[in-house]
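Beneath this line is the structure, given in structure tokens, with notes to follow.
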Amino acid sequence: MSPGDITTERPPPRVAATLGLLRSELGLTFRRLRTFALLGVLAAIPVLIGGVVRIETGGDPSAGSGSGGGADGGGPAFMAQISNNGLFLVFTALAATLPFFLPLTVGVVAGDAIAGEASAGTLRYLLVAPAGRTRLLLVKYASTLAFCLAATLTVAVSGLVTGALLFPVGDLTTISGTRIDYSEGLWRALLIALAVALSLVGFAALGLFVSTLTSSGIAAMAGTVGLLVTVQILTTIPQLDAVHPYLFSHHWLSFADLMREPVLWENLYANLRLQGFYALLFGSAAWARFAGKDISA
Amino acid sequence: MADAFAAVETRGLTKRFRGGQLAVDHLDLTVPAGTVFGFLGPNGSGKTTTIRMLMGLIEPTSGTAQVLGRRMPDAARTVLPQVGALIEGPAPYAFRSGRDNLLRYDAADPTADPRTRAARVDAALERVGLGAAAGKKAKAYSLGMKQRLGLAAALLRPRRLLVLDEPTNGLDPQGMREIRALIRELAQDGRTVFLSSHLLDEIEQVCTHAAVMARGRLVVQGPVAELAARAQDRIAVTTPDAGDAARILKEHGVTGLTVTEDRVTGEPPPGDRDPAELNAALVHAGVRVRAFGLERGTLEDAFVALTGEGFDVAG
Ligand SMILES: Nc1ncnc2c1ncn2[C@@H]1O[C@H](COP(=O)(O)OP(=O)(O)OP(=O)(O)O)[C@@H](O)[C@H]1O
Ligand SMILES: [Mg+2]
């Protein structure tokens, strides 16, 4: 035996190796029945909303209120416009899923990221491969973020298609009351989907952190979703006003500002800062926890 | 080729779990390179805990562990690509095929060449006899097939050290024979094989060296032949007068006597006395001897002699 008998092969550059692991991770996440089920539920929501609106308005465009101004919440204002313009189904569906359904699916994926591998026992084999703890954590976070984007786009695309099938499409009125044409509207829709996906970045990091705390995938998913529910309840309690700006969902509805003319960036930026802060805080916490953790499952 | 280089070396290696359980207690283990090293101990004696520390999965409470000459877990990144490991049973992704599982584990190794990945995966599957089942989902594998898949993962690349934690666990006798043959084969290219087991005959069949653990402590380590030699031969007398025989043997210095209905066994007295003299003494005292002989010591006897207890689970 020569100590160097493995060097006949050439190791790939570090970045390429990490991309290889990321590809494997994405394959694992997106070729999984559970992921299809989660995305399927998300895709059904715009169809449901569109169906209900269609039945209520009887397909008559004038039944919806034509005015888009005066609303600050996003949801209802968008909802009222769906029968005028199917594109509003995208905005309505995103507004309807962002407070709970979207982060719920993210919580399942993020919570399971490390803990699921631990409870299956596969984590020990990844680590002796050796995947490297920091590298594995980064790859897990990256694939969770990819899921955030996929989940958001699923809602958006389902809303776009359903809206186009059930309602007229064309020029649309912004929240500020100005008119923009359909292609501009599509751009806004894409921007809004990205803004919504980015809104989930902080919560995904929180889920990843919870995932490093236990070696039970179920416990981690339940814990993450439990945190989501708790935070969403806290936001409704006015006495906790002082705390609200620090909750990860505080600026979630800022995406509606992309439908103003001109766009109001202030809240959107505030949201990005908050998400970045959460990602940094809980990303570091997850790393601190995972780097020194005993893997005895 | 047991040279001076140690494939695994621990000094004072200790693991106390958070619950207070002392799983491994000041372990000084030396595994010479090129040996097939049996790591023997009853359930709960700390074998898997030791292996987890060697592989950098858990942090020792105190003491050090060196694998292939490098300190673990600090050198994990350079050491582990040269180590194939099966730890506490196989753990495949249940919903992926055997081949996909190996592709995933290989992708996790940053030093593995992706261009040769598919070929290496297929070669590893063939080597453990899973070629035909490679496309099947792992959840449809039997325990033996999963065990083989785990071995295949350990063989994805040329390894200097294989760490196999009870690789024949759950296999039928035929499967055990096949895996043991494979292990012997793997050891032939000068690779070090570190094999944990609670099966004494497995160690006797496969290993050149062994260490015995009991309750987290190392009882003994060395070449298997030497260990077995430590087991003393026992004098065995078959007689209808078992009680008298035991008394006479005791008078003549035989120790560790066990008496059943018509059989007395014990360790011969120290010194080079011819056992025939004992027989003569028995006959002289009127004990009717049906059979008199020496039984060869086995590793199991050695174990019992060394630990002073049976091969049972420690509390
Ligand atoms: N994560 C853990 N937390 C607390 N105690 C543990 C943990 N893992 C193992 N132990 C304890 O440490 C001791 C040694 O366990 P270990 O798994 O190392 O034994 P083993 O020799 O591998 O046994 P077996 O032959 O059954 O596989 C046991 O008493 C066990 O209960
Ligand atoms: Mg064990």
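Summary: within chain A, the longest segment free of chymotrypsin sites (Phe, Trp or Tyr not before Pro) located in DSSP loops with at most 16 other C-beta atoms within 10 Å is A:101-264. Solvent exposure of chain A, expressed per residue, is 43 Å² of accessible area, with all protein chains present and a 1.4 angstrom probe. Residues within the reach of a label modelled at A:Val263 (point 7 angstrom out along Cα to beta-carbon, backbone nitrogen below 20 Å), restricted to the range A:197-217, are A:197-202. Less than 5 angstrom separates the built amide H of A:Leu87 from those of A:Gly170, all sequence-distant by 5 or more or on a different chain.
With a Förster radius of 45 Å applied to the C-beta separation of A:Phe36 and B:Thr64, the computed FRET efficiency comes to 0.40. The per residue volume of the convex hull around the alpha-carbon atoms of the range A:209-268 is 114 Å³. State, as an integer percentage, the relative contact order of chain A based on alpha-carbon contacts under 8 Å between residues 6 or more apart. Relative CO of chain A lands at 24 percent. Each residue of the range B:190-204 was assigned a 3J(HN,Hα) from its phi angle through the Karplus curve 6.51 cos²θ - 1.76 cosθ + 1.60 (θ = phi - 60°); the sequence is x, 5, 8, 10, 10, 10, 8, 6, 10, 9, 4, 5, 4, 4, 4 Hz, with glycine and proline shown as x. In this assembly, the B-A interface accounts for approximately 3500 Å² of buried accessible surface in total, computed with a 1.4 Å probe and without ligands, DNA or RNA. With the convex hull drawn over the C-alpha atoms of the range A:3-291, the volume per residue is 150 Å³.
For the protein assembly as shown, the tally of Lys pairs with Cα-Cα distances below 24 Å comes to 9, considering only residues 8 or more apart or on different chains.
Taking amide H atoms as placed 1.01 Å from N in the peptide plane, the amide H of B:Ala210 lies under 5 Å from those of B:Gly38, B:Gly222, B:Val224, each 5 or more residues away in sequence or on another chain.
Stokes-Einstein, applied to the Kirkwood radius of the protein assembly as shown over Cα pairs at a viscosity of 1.306 mPa s and 10 °C, places its translational diffusion at 55 µm² s⁻¹. Amide H contacts for B:Leu27 (H built 1.01 Å from N in the peptide plane; partners 5 or more residues away or on another chain; cut-off under 5 Å): B:Gly12, B:Leu13, B:Thr14. Here the protein assembly as shown is assigned +1 on the Cβ of each Lys and Arg and -1 on the Cβ of each Asp and Glu. Its dipole about the Cα centre then comes out at about 1040 debye.
Averaging the sequence gap over all C-alpha pairs within less than 8 Å and six or more residues apart, then dividing by the number of residues, gives chain B a relative contact order of 20 percent.
The values are calculated or read from the model by the stated rules, or taken from the named source; none is laboratory data. Since the model is a prediction, treat every value here as computed from it, not as a measurement. Note that each Cβ is placed from the backbone with ideal geometry, even for glycine, and that neighbours are counted across all protein chains shown. These area figures cover heavy atoms from the full protein model, side chains too; ligands, DNA and RNA do not enter into them. Shrake-Rupley method; radii C 1.70, N 1.55, O 1.52, S 1.80 Å.
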